[in-house]
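Input: a single structure, listed below in structure tokens.
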Amino acid sequence: NAGVTQTPKFQVLKTGQSMTLQCAQDMNHEYMSWYRQDPGMGLRLIHYSVGAGITDQGEVPNGYNVSRSTTEDFPLRLLSAAPSQTSVYFCASSNRVTGELFFGEGSRLTVL
Amino acid sequence: AQTVTQSQPEMSVQEAETVTLSCTYDTSENNYYLFWYKQPPSRQMILVIRQEAYKQQNATENRFSVNFQKAAKSFSLKISDSQLGDTAMYFCAFMSDRDDKIIFGKGTRLHILP
């Protein structure tokens, strides 16, 4: 079982560049979310979705866009990368019944 | 807005000892879910234990148990007979039953010493 798949695992960007972090899950989960993890800050919720066509902002949404056109995919877009967006990003999904989150392996992003 | 607070950034205990990690949260909701996740050095997030707010009985999973105090909005994790493999970051998480949003505390880094 693939579970939650994130790509790329590592990325280096220059300030102002754009990129998309891809996330796909094969568990038919309705709920998907993106978090960023920074030292001393824990995991902070960026955006989340409770189903195809529905997205909502989390705790730190500025500078990030998401869309949910299918149940399986939930890409995270950085339109103009800034050094403050240097972080490890996690995608996660849940079946909303138990609430248990299934995480991807994380993507380490460095913005120079 | 809901918040989750973990007041212990870092802890160390000897192998085989019992350790308790603290978590408090703030919400105006009556129905919600609480979780503890473990993140070992591999960075992979692993669910340790889950508690439903409407259940008064504290959840238990082998050596892991919680002390859920709903009125005090407290959700501590007790690890009994700690093992070297328990060394990890531990995150407390809150899930709203209203909008399914799941938020995390800042984490506690736990070191189990041989």
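The values are calculated or read from the model by the stated rules, or taken from the named source; none is laboratory data. Bear in mind that the values here come from a model prediction, so they are computed numbers and not experimental data. Heads up, the Cβs are rebuilt from the backbone with ideal geometry, glycines too, and the neighbour counts pull from every protein chain shown.
B:PRO9 fails exactly one of the following numbered conditions: (1) touching a His at 6+ places or on another chain (Cβ under 8 Å); (2) within 14 Å of chain A (Cβ to nearest Cβ). What is the number of that condition?
Checking B:PRO9 against (1) touching a His at 6+ places or on another chain (Cβ under 8 Å); (2) within 14 Å of chain A (Cβ to nearest Cβ), the one that fails is (1).
What's the number of the condition A:VAL12 fails, among (1) hydrophobic (A, V, I, L, M, F, W, C); (2) under 28 Å from B:THR3 (Cα atoms); (3) part of a strand (DSSP E or B); (4) at pLDDT 95 or above?
Result: A:VAL12 fails condition (2) only.
For region A:34-42, state whether one or more residues are surrounded by fewer than 19 Cβ atoms within 10 Å (Cβ to Cβ) and touching a Phe, Trp or Tyr at 6+ places or on another chain (Cβ under 8 Å).
no
Somewhere in region B:75-86, is a residue away from chain A (no Cβ under 12 Å), free of Cβ contacts under 8 Å to residues at least 12 places away in the same chain and closer than 19 Å to B:ALA1 by Cβ?
No, region B:75-86 contains no residue that is away from chain A (no Cβ under 12 Å), free of Cβ contacts under 8 Å to residues at least 12 places away in the same chain and closer than 19 Å to B:ALA1 by Cβ.
Kindly indicate the residue of region A:15-49 that is charged (D, E, K, R) and in a strand (DSSP E or B) and also nearest to the chain's Cα centre (by Cα) among those meeting that condition.
Ranking the candidates gives A:ARG36 first.
Of the conditions (1) charged (D, E, K, R); (2) under 22 Å from B:ARG98 (Cβ atoms); (3) in contact (Cβ under 8 Å) with a residue 24 or more places away in the chain, A:ASP73 fails just one. Which one is it?
A:ASP73 satisfies all of (1) charged (D, E, K, R); (2) under 22 Å from B:ARG98 (Cβ atoms); (3) in contact (Cβ under 8 Å) with a residue 24 or more places away in the chain except (2).
Is there any pair linking a residue in region A:56-67 that is more than 10 Å from chain B (Cβ to nearest Cβ) to one that is modelled with pLDDT under 95 and part of a loop (DSSP other than H, G, I, E, B), with Cβ under 8 Å and at least six apart or on different chains, and which?
If the second residue must be modelled with pLDDT under 95 and part of a loop (DSSP other than H, G, I, E, B), the pairs left are A:GLY63/A:LEU79; A:ASN65/A:LEU79.
Restricting to region A:86-102, name every residue that is surrounded by 22 or more Cβ atoms within 10 Å (Cβ to Cβ), hydrophobic (A, V, I, L, M, F, W, C) and either more than 12 Å from A:MET27 (Cβ to Cβ) or without any contact (Cβ under 8 Å) to a residue 12 or more places away in the chain (or both).
A:PHE90, A:CYS91 - these are the residues of region A:86-102 that are surrounded by 22 or more Cβ atoms within 10 Å (Cβ to Cβ), hydrophobic (A, V, I, L, M, F, W, C) and either more than 12 Å from A:MET27 (Cβ to Cβ) or without any contact (Cβ under 8 Å) to a residue 12 or more places away in the chain (or both).
Would you check if there is a residue in region A:71-90 being in a strand (DSSP E or B), within 11 Å of chain B (Cβ to nearest Cβ) and closer than 18 Å to B:VAL4 by Cβ?
yes
Filter region A:31-49 for residues that are within 13 Å of A:VAL4 (Cα to Cα) and at the interface with chain B (Cβ under 10 Å from one of its Cβ atoms) and give the result.
Hits for region A:31-49 are A:TYR31, A:SER33.
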